[in-house]
Amino acid sequence: LMTFNLPMLLSLAADMPDASQLLGKPLPARALRKFLAEASPEAADKVLWLIDTPQRLAEYDAISKDMERPLNIVLELDVGLHRGGFEPGADLSDTLGRIHASNRLTFKGYMGYEPHVAAMPTKLGMQDRALKGAWSTYEKALKAATDIFGAADVDRLTRNAAGSPTFRFYEDLSIANEVSVGS
């Protein structure tokens, strides 16, 4: 399930504790703390926390340490929408390294949401270029994760992409192994 706010996260954790939840947007650190205080450890273990900046990861890591609760981390990629997230480069590699070095944080994958692609004109190949640009960013991020975690681990990651306007562009699992439709 894709979850978008603390009330939704808490409600689904209580009503469906076996359901896996992926945050559709990063939550403030105080929301993480409240969730961990209120939800069962079993339900909390099913949540994939979306991280968009090194600073948010540091905040989440501190809460994880303080509350002695491990966290499953998914990194948001900026695949062209420019609403936040990581681009391949030093920040992404450093963040992956920090997760790898942690005994509380587990890297579970990426989210690269690209609804802007569907809004691009098809004339002059603009939509195709935007889609290829998004996929190129995703491929570079997967390479960065492979360099740190190894290919076998990366093959098991959540690779969320697309949404209702763009899920039809994904015909195989080379980029995404999960799409979100109908939120």
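Go through the residues of region 57-64 one by one and say whether even a single one is of a type in the set (D, E, K, R) and either touching an Asp or Glu at 6+ places or on another chain (Cβ under 9 Å) or free of Cβ contacts under 8 Å to residues at least 12 places away in the same chain (or both). Quick ask: steps written out before the conclusion?
Within region 57-64, the subset of a type in the set (D, E, K, R) is 59, 61.
This time we only want the ones that are either touching an Asp or Glu at 6+ places or on another chain (Cβ under 9 Å) or free of Cβ contacts under 8 Å to residues at least 12 places away in the same chain (or both), so: none.
No, the conditions are met nowhere in region 57-64.
Which ones in region 138-170 are under 20 Å from Gly80 (Cα atoms) and not in a helix (DSSP H, G or I)?
Thr158, Arg159, Asn160, Ala161, Ala162, Gly163, Ser164, Pro165, Thr166, Tyr170
In region 13-42, the residues that are within 23 Å of Asn160 (Cα to Cα) form Cβ pairs under 8 Å with partners that are among the basic types (Lys, Arg) and open to solvent by less than 60 Å² (accessible area, probe 1.4 Å), at six or more places apart or across chains, as follows: Pro26/Arg56; Ala29/Arg56. Take region 161-183 and flag every residue that is buried (at least 16 other Cβ atoms within 10 Å of the Cβ) and at pLDDT 85 or above. Ala161, Thr166, Phe169, Tyr170, Ile175, Ala176, Asn177, Glu178, listed by residue number. Taken together, the residues in region 132-155 that are of a type outside the set (Asp, Glu), more than 14 Å from the chain's Cα centre (by Cα) and modelled with pLDDT under 90 amount to 2. As a summary of the residue check, Glu114 satisfies the conditions (1) modelled with pLDDT of 95 or more; (2) within 20 Å of Ala144 (Cβ to Cβ) except for the one numbered (1).
The values are calculated or read from the model by the stated rules, or taken from the named source; none is laboratory data. Worth saying up front: this structure is predicted, and the values here are computed from it rather than measured. Here the Cβ is made from the backbone with ideal geometry for all residues, glycine too, and neighbour counts use every protein chain on show. For the accessible areas, the whole protein counts, side chains as well, though only heavy atoms, and no ligand, DNA or RNA atoms are used. Shrake-Rupley method; radii C 1.70, N 1.55, O 1.52, S 1.80 Å.
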